[in-house]
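First the structure, in the form of structure tokens, and then the observations on it.
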Amino acid sequence: MKIVIDAGHGWTTPGKQTPDGMKEYEFNHETALFLRRELTFDILFVHEDERDVPLAERVQKANEAYADLYISIHANAFGIGWTKPHGIETYVHSSRPVKALSVANTVQRELIMATGRHDRGVKTANFYVLRKTKMPAILIEAGFMTNQTEAALLKTKAYRKTCAHAIASALQKMD
């Protein structure tokens, strides 16, 4: 099985950070690295540390690799400054592809069990990486950067490892 791991936004993506300065990419990237170490599948990263790879290029790489699954790792945000929304949610395309929905439900369940965070559920969206990939695709929002409690978690190596382990555990259960 070939799995694409996409560490969300790039280092230079404007505005993607906690109110106190942690860039979303710090969480996304390290969690992606931990996830790669946890998995025995063939892994393809479609992001780069040196530049913010455009979404079309990420999707093209995944499609050209004939990947079996696309996983995009993110941290959520709401409003300006510290806000109340919290929890984890996983997205599939609004057409609700059966395989993607199955993966998303399993990943969401494992993340909630492992982290103890609020379950915001599996949701649908028309995000580019969900719409344009030719394989089942999910997008994970592993907590809110604008929630002070969750931002503190997102900054820790332990939480990043926990998220990676939960995602890996879900994928191994489906294999």
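Structure values in brief
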item	result
Under 25 Å from Lys173, Cα to Cα: lysines that are on another chain or at least 8 residues apart	Lys2, Lys99, Lys123, Lys134, Lys157, Lys161
Contact order normalised by residue count of the chain, Cα under 8 Å, 6+ apart, percent	30 percent
Degrees, to the nearest 10: 157-174 long Cα axis against longest axis of the chain	30 degrees
Phi to ³J(HN,Hα) by Karplus 6.51 cos²θ - 1.76 cosθ + 1.60 over segment 43-49, Hz, x for Gly, Pro	10, 10, 8, 10, 9, 9, 6
Heavy-atom accessible area per residue - the chain, 1.4 Å, Å²	46 Å²
Segment 57-134: Rg to Rh, with Rh as the Kirkwood radius over Cα pairs	1.00
For Asn76, residues with placed amide H under 5 Å, excluding near neighbours	Ala142, Gly143, Phe144, Met145
Distant-in-sequence amide H partners of Lys123 (H built 1.01 Å from N, under 5 Å)	Thr90, Tyr91, Val92
Segment 79-144: relative contact order in percent, alpha carbon pairs under 8 Å with at least 6 residues between	50 percent
Nearest-0.05 FRET efficiency for Ser95 and Arg37, computed from C-beta distance (R0 41 Å)	0.80
Amide H contacts of Asp52 (H built 1.01 Å from N, under 5 Å, at least 5 apart or other chain)	Thr12
Beta bridge orientation in segment 42-175: antiparallel %, DSSP, nearest 5	20 percent
Burial ranking of peptide ranges 47-57, 73-83 (average Cβ count within 10 Å, highest at the top)	73-83, 47-57
Computed Rg/Rh of the chain, alpha carbon atoms with Kirkwood Rh	0.93
Accessible surface of the chain, 1.4 Å probe, proportion on carbon and sulfur as whole %	51 percent
In Hz, Karplus ³J(HN,Hα) per residue of segment 102-116 (6.51, -1.76, 1.60; θ = phi - 60°; x = Gly, Pro)	5, 4, 4, 5, 5, 5, 4, 4, 5, 4, 5, 4, 6, 9, x
Phi-based couplings in Hz for segment 64-76 (Karplus 6.51, -1.76, 1.60; Gly and Pro marked x)	5, 7, 6, 5, 8, 7, 10, 10, 10, 9, 9, 10, 7
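The values are calculated or read from the model by the stated rules, or taken from the named source; none is laboratory data. From a predicted model like this one, the values you see are computed outputs, not experimental measurements. Cβ coordinates were reconstructed from backbone atoms using ideal geometry, including for glycine residues, and neighbour counts include every protein chain displayed. Areas reflect the complete protein model, heavy atoms only, side chains present, ligands, DNA and RNA absent. Shrake-Rupley method; radii C 1.70, N 1.55, O 1.52, S 1.80 Å.
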